[in-house]
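Written out below as structure tokens is the structure these notes cover.
The values are calculated or read from the model by the stated rules, or taken from the named source; none is laboratory data. Keep in mind the model is a prediction, meaning the values are calculated, not measured. Don't worry about glycine lacking a Cβ; one is built from the backbone with ideal geometry, like all the others, and counts go over all protein chains shown. Heavy atoms of the whole protein, side chains included, go into the accessibility calculation; ligands, DNA and RNA do not. Shrake-Rupley method; radii C 1.70, N 1.55, O 1.52, S 1.80 Å.
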Amino acid sequence: MKWDINAQLNATAAVYQLDRSNVAITDPLDVSKTILIDGQRSKGLELALTGKLTDQWSVVAGYAYQDATITKDLSTTIKAGTVLAQVPTHSASLWNRYQVNADWSAGLGIAYTGERFTSTDNKVTLPAYTRVDTALYFNVAKNMQLQLNIENIGNTHYYASAHNNNNITPGAPRNFKIGMHAQF
């Protein structure tokens, strides 16, 4: 469903169910191997708001609810109803950008990722986290912009992903990026 609230702002919503078969996953009993699973189902809801709230203020916001499970018993460790690895039930993000004047604009964003399992044995859970990012933009010339991003400004400790129960990747600490964008 899509709704154009006005000429500059729209909202979307989607309800879905995806059924998959023959999907390769890491074997929870031997991480050096992959196994094929025959029966995955993801059901969910996605909501988004995109556009300009005012002439100076633009926003991109989203929320997702996902229920992702295995639908058939596959082994003694992978049973029907097991939650898929790396799929949070809830996730959300919000990015705001405000145009201060013709040359300067600033952005602020928040991203939330809910708890999720590291593998299909559902023994290890990665905790939920919220990360805050910011940006500053300066128009150097008509077709050139400088950008400073500060990601994870609160220096939040979080786990970004996992390959299995023992191979877990931490999220990046506070970091700074400078970029230049040119249009031709």
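Post the alpha-carbon centroid distance, region 104-120 to region 1-69, in whole angstrom. Answer, in whole Å: 14. The GNM of the chain, with springs linking C-alpha atoms under 10 angstrom apart, assigns the highest mean-square fluctuation among 33, 79, 142 to 142. Counting only Cβ charges, +1 for Lys and Arg and -1 for Asp and Glu, the dipole size of the chain around its Cα centre is about 140 debye. Projecting the Cα atoms of 9, 129, 140 onto the charge dipole of the chain (Cβ charges, centred on the Cα centre) puts 140 farthest toward the positive pole. For region 31-184, lysine pairs with C-alpha atoms less than 23 angstrom apart, excluding pairs fewer than eight positions apart on the same chain, total 10.
Within the accessible area of region 1-146, the carbon and sulfur atoms contribute 57%, probe 1.4 Å, all protein chains present.
Rolling a 1.4 Å probe over the heavy atoms of the protein chains gives the chain an accessible area of 61 Å² per residue. Summing charges over neighbours of residue 28, with a neighbour being any other residue whose Cβ is under 12 Å away from its Cβ, gives 0 when K and R count +1 and D and E count -1.
Once you sort the root eigenvalues of the Cα gyration tensor of region 108-178 as a ≥ b ≥ c, which label holds: rounded (a/c under 1.5), prolate (a/b larger than b/c) or oblate (the other case)? The shape class here is prolate. Would you mind telling me which residue in 164, 152, 143 has the biggest mean-square fluctuation in a Gaussian network model of the chain, where springs connect alpha carbons within a distance under 10 angstrom? Highest fluctuation of the listed residues: 143.
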